[in-house]
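The values are calculated or read from the model by the stated rules, or taken from the named source; none is laboratory data. Quick caveat: nothing in here was measured; it's all calculated off a predicted structure. In this analysis, Cβ positions are derived from the backbone assuming ideal geometry, glycine residues included, and neighbour counts consider all displayed protein chains. These accessible areas exclude ligands, DNA and RNA; they are computed on the full protein's heavy atoms, side chains included. Shrake-Rupley method; radii C 1.70, N 1.55, O 1.52, S 1.80 Å.
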Amino acid sequence: MTKNKERNYLLLVGGLIGILSIVLMLKGNPANMGFCIACFLRDTAGALKLHTAPVVQYLRPEIIGLVLGSFLISLGTKEFKVRGGSSPVLRFFMGMMLAIGALVFLGCPLRMVLRMAGGDLNAWVGLIGFILGVYAGTLYLKRGFSLGRNHGLGIAEGLAMPLFEVILLILLLAYPATLAFSTEGPGSQHAPIWLSLVIALVVGCTAQKTRLCQAGGIRDLIMFKDATLLWGSVALFATALVMNLIYGNFNFGFAGQPIAHTEHLWNILGLFIVGLISTLLGGCPMRQLVLAGTGNTDSAITVLGMMIGAAFAHNFGLASSGNGTTPAGRIATIVIIVIVLVIGLMNTRRQKA
């Protein structure tokens, strides 16, 4: 595929995802949260009773659909390939820390773009941290950062994550009484199950074919001066912005934004963590889910880490709220930055000039 063709495909898919994200919001998902991987993994963890925060418990079909959409398209195009074994324990804990950083900011990179398109200036401030985090990650990559090679694994390893999502779907549809559901707050706000699932299947398929990734777009621009991948995020922002303007959901400013806070330093540092870890792990949260559907067990273990990290953030008071960050969350943010910088140094092999 030529660069121009790839760019046009990314523009089309990014634009479609922007529209579908706003459709989900219009049909019931929380404001400025048509799609948010960190938030939806947190809600799913709550539905599975991994945390007990009553306002963020709902088994999100969007998570299920992303993995299964990627799985189905990779099977159809013969791109399903089971591989993994690259520092799984380290990836698990990095996934945990990524989720905590995202919940300090209150959103993953995808939600950051959607918040920007909704006029939330706090997200534009957070973008500074995200770019700096990706930049820091590229410095490690240029110096030979690696978590080790992955290798081929048995088919059961690759099928584990898609089958897990199927089990979650069965629980949601047939045994909802076994799950926890919020009766107020963001967890109680959701689009119809069938609509969320169908849209997520579409997003999973198209994101897999285009390699759409917020972190990857910035990484490629910094490292290779290649903006191709970034066009997907630009198109996503543009169509979401137009949709918000059409439906009167554009609210320009810092104050009064839905599920957001105005503590600029911690918005920057939270997304610095997300940008740095996403770059070191080879993809943002959405990309990790999509890769998990293609048989990549390294991404699957990262996704499980993110889910546990999201639960951990709420169980131990690390997650922010619309009222701001918490003392524990601020301490965790600094500690995580130090830990990840050390992980980067410990896994860097200086390349010969």
**OP:** Would you point out which residue out of VAL303, VAL342 is under 17 Å from PHE92 (Cα atoms) and free of Cβ contacts under 8 Å to residues at least 40 places away in the same chain?
**Re:** VAL342
**OP:** Would you confirm whether any residue within region 256-269 is at pLDDT 95 or above, open to solvent by 10 Å² or more (accessible area, probe 1.4 Å) and of a type in the set (S, T, N, Q)?
**Re:** yes
**OP:** Evaluate region 42-58: report whether one residue or more is out of contact with any Leu (no Cβ under 9 Å at 6 or more places or on another chain), in contact (Cβ under 8 Å) with a residue 12 or more places away in the chain and closer than 19 Å to LEU163 by Cα.
**Re:** yes
**OP:** Identify, by number, the condition in (1) over 30 Å from ILE128 (Cβ atoms); (2) buried (at least 17 other Cβ atoms within 10 Å of the Cβ) that LEU212 doesn't meet.
**Re:** (1)
Original post:
What residue, among those in region 49-63 that are within 22 Å of PHE312 (Cβ to Cβ) and assigned to a helix (DSSP H, G or I), is farthest from the chain's Cα centre (by Cα)?
Top reply: GLU62
**OP:** Output the residues belonging to region 303-331 that are open to solvent by 30 Å² or more (accessible area, probe 1.4 Å) and in contact with a Phe, Trp or Tyr (Cβ under 9 Å, 6 or more places away or on another chain).
**Re:** LEU304, ILE308, ALA328, ARG330
**OP:** For region 275-283, state whether one or more residues are closer than 18 Å to LEU114 by Cα, open to solvent by less than 40 Å² (accessible area, probe 1.4 Å), modelled with pLDDT of 95 or more and touching a Leu at 6+ places or on another chain (Cβ under 8 Å).
**Re:** yes
Subject >> Residue tally, condition open to solvent by less than 10 Å² (accessible area, probe 1.4 Å) and not hydroxyl-bearing (Ser, Thr, Tyr), over region 15-31 >> reply: 7
Original post:
Among the numbered criteria (1) part of a loop (DSSP other than H, G, I, E, B); (2) open to solvent by 30 Å² or more (accessible area, probe 1.4 Å); (3) within 30 Å of THR52 (Cβ to Cβ); (4) aliphatic (A, V, I, L, M), which single criterion is violated by ALA227?
Top reply: (3)
Original post:
Counting only residues that are within 25 Å of VAL290 (Cα to Cα) and of a type in the set (Phe, Trp, Tyr), which one in region 211-254 is farthest from the chain's Cα centre (by Cα)?
Top reply: PHE224
**OP:** Scan GLY15, GLY28 and give me the residue that is assigned to a loop (DSSP other than H, G, I, E, B) and over 17 Å from the mean Cα position of the chain (by Cα).
**Re:** GLY28
**OP:** Report whether or not LEU318 is of a type outside the set (Val, Ile, Thr) and closer than 30 Å to ARG83 by Cα.
**Re:** no
Subject >> Search result, residues across region 194-228 that are closer than 22 Å to LEU280 by Cβ and of a type in the set (A, V, I, L, M, F, W, C) >> reply: ALA207, LEU212, CYS213, ALA215, ILE218, LEU221, ILE222, MET223, PHE224, ALA227
Subject >> Selection within region 171-187 - open to solvent by 70 Å² or more (accessible area, probe 1.4 Å) and farther than 28 Å from ASN32 by Cα >> reply: TYR175, ALA177, THR178
**OP:** Please indicate, with yes or no, whether at least one residue in region 215-224 is open to solvent by 10 Å² or more (accessible area, probe 1.4 Å), outside any helix (DSSP H, G or I), among the basic types (Lys, Arg) and touching a residue at least 24 places away in the same chain (Cβ under 8 Å).
**Re:** no
